[in-house]
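To start, the structure itself, in structure tokens.
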Amino acid sequence: MESSEDDGGEPLSRLAEWRDVTPLPQDDGPNPVAPIAYKEEFRETMDYFRAIYKADERSPRALRLTRRAIHLNPGNYTVWHFRRLVLEPLNSDLDEELDFIQRIANSNSKNYQLWHHRRWVVERLGTNVRAKELHLIKSILSLDAKNYHAWSHRQWVLQALGGWEDELDYCQQLLEEDIFNNSAWNQRYFVVTRSPFLGGLTAMRASEVRYTVEAILANPNNECPWRYLRGLYKDDIESLVNNHEISSVCLKPCQEFRDAVVALWTSDSLPLDPDLATAICGILEHVDSMRASYWIWRKNKLPVAA
Amino acid sequence: MATRDSLDFKVGVEEEEEEGTPSPSSISPPSSPLSYFDRDRHVAFFEMLYDLMPYHYQSQEINRLTLAFFTVSGLHLLQALDRVDKDRVANWVLSFQAHPRSRAELKNGQFYGFHGSRTSQFPPNENGVSVHNAGHLASTYCALAILKTVGFNLLTIDKESILISMRNLQQPDGSFMPLHVGAETDLRFVYCAAAICFMLEDWSGMDKEKAKDYILSCQSYDGGFGLMPGLESHGGGTYCAVASLRLMGYIEDNLLSKNATSFVVNVPLLLDWCMQRQAIDGGFQGRANKYSDTCYAFWVGAVLKILGGYKLIDKIALRRFLLTCQYEFGGFSKYPRELPDLYHSYYGFTAFSLLEEPGLNPLCAELGMTDLAALDRSKVASLHLHNLWLVQVSYLLTVKENDTKAFVWGKVPITATKASMKSMVVAWYKALTPGVIGLYRICGGDEKKKNIGEHIGSDDDDEQRVMGQPCLVVRGN
């Protein structure tokens, strides 16, 4: 059983437990490029780790050593890998391992190795930990609702272990907290298209369109729902174009824009083009001036009106 | 202690990183940014890091080769590669290669690429067995990139071992694991694999079709690419996707300028997504509704460059944003007015290179290093300068061999005056291995081949390849 905290940062060379181990220094080789000015604690810990790793010692003290090394160097995949090798024969309590990972995650929530390790543990524990896992990810997302690693892990858990039932509600909740959260929109799409409980994109489309249109009207300057709306018609643009509800939404803010722009239109510029697409590109050139070159380019690509 | 998010490798598509950015000093940044790219300071900063990195970087020890890549390639971008002892660097990098004892070992599941650091590299045991081989795809990419940057001839390394064993890392769905012992699989490593094959000029290392299928499955409903299927579209993921497809040859060069459509990727949607990533402050964001961050000026900017749409962005606004991330004593930070770090500094340089900042070497967008490094200099023979219309080489398209003669093709934009073009090429050629025999300019459209000084004879294939675009042909031995 691992102690809850490492050896208090005491140098390993002073600990009786490690007396029989000769630390293996790093051989940086001749003329190393970008050598690092390691701190003493780091250097010593890694020297002992190298010794244990080379000897392939899979013992409780090796486990403790990996913990220490991970604290210092959470990105070191070799250490994580060796920890996994040690956990197995020791029949370690994997629930405790989840707690350990959780503690490291507090200050390293964006570390690939940590999340991969977590996945490894969860794979071994199976559906029993599903609820706990989804709950944990929620708590991490409550601190940073856009943490890419957390979302990736969440999608993996759902696909590997299930738990889809409440996911749409969860997305809803996140969007209520922040309608601009693109991660939540993406997750919504993920759920709507893949949840075994919802019937798929086509079945969900009508209700999703309603939801999205509401979001657009509330914040028309929010990129997310516009993209989402388009995404709902991924392989079926015809239906998108023919949907009256959507065209009225698109044209409504556009008409207001158009009126405003017409009012501001200077007299020596060309009159607004009767062709709507061309006119819109023309407006955007001015209103979205950062992308003026893009709108001009797109205008030139438009098919010429008959 | 809040540690910096670890960089797995060069394509560090970590999202916004934690507090505690490593830096050599704790001096607070100045209040108003410089109005120019402070090349000399950046060179000094990178020279210092090349010599010694402060302890703050020890948590990234496992990615030493990546750190080395940033420093060496960074200096190359800054046209300061003379600060680097190229032979020493090459030897040091080569010492990280994992070597099998026999060809039979290549099928044992391990990856005989390059280690990322001594931390994962151990001498073989008494029986000569390397039980702790941890060749890593990203480290291998960085190793090869460094070797190319210092002009090392990749033909001399054991590429077979790398390529054959690399297949062990490809998954049934087409994605790649970075290590044989197992790790996350995502687009980053597909990119590394593609770049490795491209640099070694040998695609036997991967199943391209499967990789392509995996990449396509990562395109999100909004046009960008997530790091894995289903994930939110992301600047880094999008770069890995598009650059890989380009390297593998699935999307052609300068797609947008040619009115070509891609049957592989939804390009209009992708383009629109990329364009929308330039935020109101002029910088690029990695995802919708997130803060602008220096490095996405590269990740997203490079995608646009590859597609031929870089000209559409607001370069002035971007430059203005990037300068607010420039640190007074050298380097770039992630966000405005913060302390710099190696990763964001490197991508700051690449971003300025895309902006064609004077004093920087041009960039090969799909490899993330200088054009010169990407060029296959082993195929270039001695050079005679003639009276030519000279231009900057953008990147290497293909190498064609014809008996003992090899042709190097570059695609080039035309610059303003003959005089300035000439001086640019003089500088460029100085960096090349001596041996180029002749130069040509071939014009697309009506103009015929202009034979300047050397006659290469007619070759229909050549004409086909360059039709419609001006380019530079360098003929070598």
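The values are calculated or read from the model by the stated rules, or taken from the named source; none is laboratory data. Since the structure is predicted, the reported quantities are computational estimates derived from the model, not experimental observations. A quick note on method: Cβ atoms are made from the backbone with ideal geometry, for glycine too, and the neighbour counts reach across all protein chains shown.
If you check B:GLU357, B:GLU328, which single one turns out to be in a loop (DSSP other than H, G, I, E, B), of a type outside the set (S, T, N, Q), farther than 28 Å from B:ASN254 by Cβ and at pLDDT below 95?
B:GLU328
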Residue match in region B:259-279 (condition: among the hydroxyl-bearing types (Ser, Thr, Tyr) and either at the interface with chain A (Cβ under 10 Å from one of its Cβ atoms) or in contact (Cβ under 8 Å) with a residue 24 or more places away in the chain (or both))
no
The residue from A:LYS132, A:LYS138, A:LYS110 that alone is within 16 Å of the chain's Cα centre (by Cα) and modelled with pLDDT of 90 or more is A:LYS138
Taking the conditions exactly as written (closer than 24 Å to A:TYR148 by Cα, out of contact with any Asp or Glu (no Cβ under 6 Å at 6 or more places or on another chain) and either at pLDDT below 90 or not hydroxyl-bearing (Ser, Thr, Tyr) (or both)), does B:LEU67 satisfy them or not?
yes
So B:ALA193 passes all but one of these: (1) within 19 Å of the chain's Cα centre (by Cα); (2) more than 20 Å from B:HIS115 (Cβ to Cβ); (3) aliphatic (A, V, I, L, M); (4) more than 10 Å from chain A (Cβ to nearest Cβ). Which condition number does it fail?
(2)
Tally the residues that are without any contact (Cβ under 8 Å) to a residue 24 or more places away in the chain and of a type in the set (A, V, I, L, M), restricting the search to region B:103-118.
1
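Filter region A:168-182 for residues that are touching a residue at least 40 places away in the same chain (Cβ under 8 Å) and assigned to a helix (DSSP H, G or I); which is surrounded by the most Cβ atoms within 10 Å (Cβ to Cβ)?
A:ASN182
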Going through B:GLY283, B:GLY237 one at a time, which residue ends up being touching a helix residue (DSSP H, G or I) at 6+ places or on another chain (Cβ under 7 Å), closer than 12 Å to B:PHE225 by Cβ, surrounded by 19 or more Cβ atoms within 10 Å (Cβ to Cβ) and modelled with pLDDT of 90 or more?
B:GLY237
Kindly indicate the residue of region B:87-102 that is in contact (Cβ under 8 Å) with a residue 24 or more places away in the chain and away from chain A (no Cβ under 11 Å) and also nearest to B:LEU372 (Cα to Cα) among those meeting that condition.
B:GLN97
From the list A:GLU97, A:GLU10, A:GLU17, pick out the single residue that is away from every other protein chain (no Cβ under 14 Å), part of a helix (DSSP H, G or I) and surrounded by fewer than 16 Cβ atoms within 10 Å (Cβ to Cβ).
A:GLU17
How about region B:137-230: which helices (runs of 4 or more DSSP H) wholly inside it have at least 1 residues that are among the acidic types (Asp, Glu)?
B:159-166, B:208-217
Any residue in region A:27-46 that's in contact (Cβ under 8 Å) with a residue 12 or more places away in the chain and at the interface with chain B (Cβ under 7 Å from one of its Cβ atoms): show its pairings with residues that are among the hydrophobic types (A, V, I, L, M, F, W, C) and in a helix (DSSP H, G or I) at Cβ separation under 7 Å, as long as the two are six or more apart or on different chains.
A:PHE42/A:LEU72; A:MET46/A:ALA69
Pair list, Cβ under 7 Å, 6 or more apart: region A:195-223 residue farther than 20 Å from A:ASN181 by Cα, other residue among the aromatic types (Phe, Trp, Tyr) and surrounded by fewer than 18 Cβ atoms within 10 Å (Cβ to Cβ):
A:SER195/A:TRP164; A:PRO196/A:TRP164; A:PHE197/A:TRP164
Within region B:42-86, count every residue that is more than 7 Å from every other protein chain (Cβ to nearest Cβ), surrounded by fewer than 24 Cβ atoms within 10 Å (Cβ to Cβ) and aromatic (Phe, Trp, Tyr).
1
Please determine, by comparing only the residues of region A:38-65 that are surrounded by 14 or more Cβ atoms within 10 Å (Cβ to Cβ) and more than 23 Å from A:LEU85 (Cβ to Cβ), which one is modelled with the lowest pLDDT.
A:TYR38
Options A:ARG67, A:ARG50: the member that is more than 10 Å from chain B (Cβ to nearest Cβ) and either among the basic types (Lys, Arg) or closer than 30 Å to B:PHE46 by Cβ (or both)
A:ARG67
